[in-house]
Amino acid sequence: MNSHQSKLVNGIIIGAISAVIFITLLTILGDLYPPLKNLLKDAHHHHWVGKGIWATILFVIVASVYYFIKKIDTSDSTTRFMRALAWTLIFSALTLFLFFVYEFFKH
């Protein structure tokens with residue numbers, strides 16, 4: 001894989017990491033602060049649609065900025081970023097699971 005391909009793949013991975021963290025935070029914040037959830041619902045007809053739209057916008061911006069700012073990338077960095085994405089997904093899923101278990105037993 002050449003440097004341009006590595007930059008593209010790494011930008012996409014960094015964008016995905018950003019989107020996963022963003023959706024996790026929005027989900028928790030929306031449940032803790034109902035006006036946020038209502039704002040997403042009012043603007044996009046459903047709060048999950050709103051989260052998806054804003055996560056997609058964030059993904060495209062972060063991936064593009066990374067691609068255009070980064071000078072050179074290697075396949076070594078791609079491997080590290082893939083690990084970071086995997087851990088981000090695991091941590092985010094666990095965070096959401098524990099949050100909703102807490103919310104279930106709290107009420």
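Structural descriptor for the chain: relative contact order 45 percent, calculated from alpha carbon pairs under 8 angstrom and at least 6 residues apart.
List the residues of region 49-72 whose backbone N lies under 19 Å from a point placed 7 Å from the Cα of GLN5 along the Cα-to-Cβ direction. Residues 67-68, 71-72 fall inside that zone.
Expressed as a whole number of Å, what is the distance separating the alpha-carbon centroids of region 1-53 and region 61-95? Cα centroid of region 61-95 versus Cα centroid of region 1-53: 15 Å apart. Among VAL20, VAL49, VAL60, the largest mean-square fluctuation in a Gaussian network model of the chain (Cα springs under 10 Å) belongs to VAL49.
So what's the angle, to the nearest 10 degrees on a 0 to 90 scale, between helix 3-32 and the longest Cα principal axis of the chain? Helix 3-32 sits roughly 10 degrees off the main axis of the chain. For helix 47-69, report the angle its Cα long axis makes with the longest principal axis of the Cα atoms of the chain; keep it between 0 and 90° and round to the nearest 10°. That helix lies at roughly 20 degrees to the long axis. Considering only ASP73, ASP31, ASP42, give the residue with the highest GNM mean-square fluctuation for the chain, with springs between Cα atoms whenever their separation is below 10 Å. With Cα springs under 10 Å in the chain, the top fluctuation among ASP73, ASP31, ASP42 is at ASP42.
For LEU94 and TRP48, calculate 0.36 nm times their separation in residues minus their Cα-Cα distance, and state this gained length in nm to one decimal. Computed gain between LEU94 and TRP48 is 14.7 nm. Both the radius of gyration and Dmax for region 3-106 are 16.0, 50 Å, in that order, over alpha-carbon atoms. Here region 3-106 is assigned +1 on the Cβ of each Lys and Arg and -1 on the Cβ of each Asp and Glu. Its dipole about the Cα centre then comes out at about 160 debye.
All of the numbers you see were taken from the coordinates with simple rules; none came from a lab. Note that the structure is predicted; figures quoted are calculated from it, not measured. No Cβ is skipped: glycine too gets one built from the backbone with ideal geometry, and neighbour counts run over all protein chains shown.
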